[in-house]
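Engineer: Handing you a structure now.
No value in this document is a laboratory result; all are computed from the given coordinates. Since this is a predicted model, take the numbers as computed values, not measurements. Don't worry about glycine lacking a Cβ; one is built from the backbone with ideal geometry, like all the others, and counts go over all protein chains shown.
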Ligand code: DGL
């Protein structure tokens, strides 16, 4: 039987998973959560498949041994599209992944042209090709890698000014593709990007709608933990694989999601 204090482990390369935590809090406010940020490995999007798979599987294995979560969520599209299967094979707990929200986008678009912003590693995955083939419903899917947005989102949550050139570059990257002017729906296929939805919306204009997976992931976690008891025996906390000093400027962002303690995770 699952112990009531056993946490849900939310894992991302950085703060992108907070977009998932925000939705999870609405559904399961009493669930103990440990947020794990692999800031030493950030960004994942520019790494190879082998590097990401080894890193994510290794870290989640060690974190599961240490924290004994009831469920782990890979709150990162890059890691999920590459390593979800492998992590599921090595861990015995339920693993919830994050995959590009192509299915809902296909039901929302009226022009039939969908834009997708992700990391370089995500947009080249066969996983995305398969989602497009299975759920794209004949829509045209234009993919653009916007790695600059990952650092911009991290900086925003550290309380720094948003670098508008990275937002402009991401929007132009999609708009300048053949047929890009037809885009009316944009899949934010990186958990960092909803943190910049407002800024992206200002540049795309009012006719473009955004879709991402956070709500669906939270619903999946709630479904998989249905009937389980939740009780905290310690306050929720966040761990970083990087330096604790570098994590400190994110304190307010974590506090806004009910996490007031930051720790270093010594893994290697
Ligand atoms: N948040 C991650 C995602 O959803 C990626 C950010 C990174 O490049 O590390 O893809």
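Engineer: Assuming a viscosity of 1.002 mPa s and a temperature of 20 °C, what translational diffusion coefficient in µm² per second does Stokes-Einstein assign to the stretch 135-177, Rh being the Kirkwood radius over Cα pairs?
Structural biologist: Details: Rh = 11.8 Å.
So the translational diffusion coefficient is about 182 µm²/s.
Engineer: Return an integer: the convex hull volume of the alpha-carbon atoms of the stretch 185-268, in Å³ per residue. Mind showing how you got there, number by number?
Structural biologist: Working: hull volume 13.6 nm³, N = 84.
Residue-normalised Cα hull volume stands at 162 Å³.
Engineer: Can you pull the semi-axes for the stretch 42-126, root of five times each eigenvalue of the Cα gyration tensor, sorted largest first, whole Å? If you can, show how the numbers build up before the last one.
Structural biologist: Working: eigenvalues 150, 48, 16 Å².
Here the semi-axes work out to 27, 16, 9 Å.
Engineer: Rank the residues 30, 163, 38 as a footprinting-exposure proxy: fewest other Cβ atoms within 10 Å of their Cβ go first. Let's see the in-between values first.
Structural biologist: On the way: 30 10, 163 16, 38 25.
Fewest-to-most Cβ neighbours within 10 Å comes out as 30, 163, 38.
Engineer: A follow-up question, please. Plugging the Kirkwood radius over Cα pairs into Stokes-Einstein for the chain, at a temperature of 20 °C and a viscosity of 1.002 mPa s, what D comes out in µm²/s? Working shown, then result.
Structural biologist: Numbers: Rh = 18.6 Å.
For these conditions, the coefficient is 115 µm²/s.
Engineer: Using only DSSP helix segments of four residues or longer, with each worth -39500 (n - 2.57), what per-residue ellipticity at 222 nm results for the chain after dividing by its residue count and rounding to 500?
Structural biologist: Values: 12 runs with 114 residues, N = 268.
So the calculated ellipticity at 222 nm is -12500 deg cm²/dmol.
Engineer: In degrees, nearest 10, range 0 to 90: what is the angle between the Cα axis of helix 214-224 and the longest Cα principal axis of the chain?
Structural biologist: For helix 214-224, the angle is close to 40 degrees.
Engineer: If you average the sequence gap of Cα pairs under 8 Å that are 6 or more apart and divide by the length of the chain, what percent do you get for the contact order? Before the final figure, lay out the partial values.
Structural biologist: Working: 514 pairs, mean separation 71.5, N = 268.
This gives 27 percent for the chain.
Engineer: Can you tell me how the stretch 85-140 classifies by the Cα gyration tensor, rounded, prolate or oblate, using a/c under 1.5 as the rounded cut?
Structural biologist: Numbers: a/c = 2.75, a/b = 2.10, b/c = 1.31.
Prolate, since a/c reaches 1.5 and a/b exceeds b/c.
Engineer: In what sequence do 103, 47 fall when counting other Cβ within 10 Å, fewest first?
Structural biologist: Values: 103 18, 47 21.
Ranking 103, 47 by Cβ neighbours within 10 Å, fewest first, gives 103, 47.
Engineer: If the label point is 7 Å along Cα→Cβ of residue 161, which residues in the stretch 197-211 have backbone nitrogen under 18 Å from it?
Structural biologist: Within reach of a label on residue 161, which here means backbone N under 18 Å from a point 7 Å along Cα→Cβ, the stretch 197-211 contributes 199-200.
Engineer: Take the alpha carbon gyration tensor of the stretch 122-268, find the square roots of its eigenvalues, order them as a ≥ b ≥ c, and report rounded if a/c is under 1.5; if not, report prolate when a/b exceeds b/c, else oblate.
Structural biologist: Details: a/c = 2.20, a/b = 1.44, b/c = 1.53.
It comes out oblate by the Cα gyration axes.
Engineer: If you rank 234, 190 by fewest surrounding Cβ atoms within 10 Å, what's the result?
Structural biologist: Details: 234 10, 190 35.
Taking fewest neighbouring Cβ atoms as first place, the list is 234, 190.
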